[in-house]
Ligand SMILES: [Zn+2]
């Protein structure tokens, strides 16, 4: 019986990028709200009103978070246009 002998190496490297604190994927964006990724930021905008309705956050907390998200987006847009 022949034995198949395979040599291999595994190299582990630290991935480039910023870890999104919400989904933990390495695609966080420092200029986004709390450094989250675009996808999470979009999701937050959609679910925050629901979370307020469910009483998980107050309307004030949600309004404040949405305002901060919009502020981040405006700042990014300014950088893009400038
Ligand atoms: Zn994310």
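Just so it is clear, none of the values below were taken in a lab; they were calculated from the coordinates. Just so it is clear, the model here is predicted, and its values are computed rather than measured. Positions of Cβ are generated from backbone atoms using ideal geometry, with glycine treated the same way; all protein chains shown enter the neighbour counts.
Taking the condition of being touching a helix residue (DSSP H, G or I) at 6+ places or on another chain (Cβ under 6 Å) and in a helix (DSSP H, G or I), how many residues in region 46-62 meet it?
As a first pass, look at region 46-62 and keep what is touching a helix residue (DSSP H, G or I) at 6+ places or on another chain (Cβ under 6 Å): 48, 52, 57, 59, 62.
This time we only want the ones that are in a helix (DSSP H, G or I), so: 48, 52, 59, 62.
The qualifying residues number 4.
Could you list, in sequence order, the residues of region 28-63 that are surrounded by 15 or more Cβ atoms within 10 Å (Cβ to Cβ), within 14 Å of the ligand (Cβ to nearest atom), at negative phi and without any contact (Cβ under 8 Å) to a residue 40 or more places away in the chain? Full working, then the answer.
Step one: filter region 28-63 for residues surrounded by 15 or more Cβ atoms within 10 Å (Cβ to Cβ), giving 28-29, 32-37, 40-41, 44-45, 48, 51-52, 57, 62.
Remaining after also requiring within 14 Å of the ligand (Cβ to nearest atom): 28-29, 32-37, 40-41, 44-45.
In the following step, the residues that additionally are at negative phi were identified as 28-29, 32-33, 36-37, 40-41, 44-45.
Once the filter is applied, which keeps residues that are surrounded by 15 or more Cβ atoms within 10 Å (Cβ to Cβ), within 14 Å of the ligand (Cβ to nearest atom), at negative phi and without any contact (Cβ under 8 Å) to a residue 40 or more places away in the chain, region 28-63 yields 28, 29, 33, 36, 37, 40, 41, 44, 45.
Could you tell me how many of the residues in region 15-35 are part of a loop (DSSP other than H, G, I, E, B) and in contact with a helix residue (DSSP H, G or I) (Cβ under 7 Å, 6 or more places away or on another chain)?
Count: 9.
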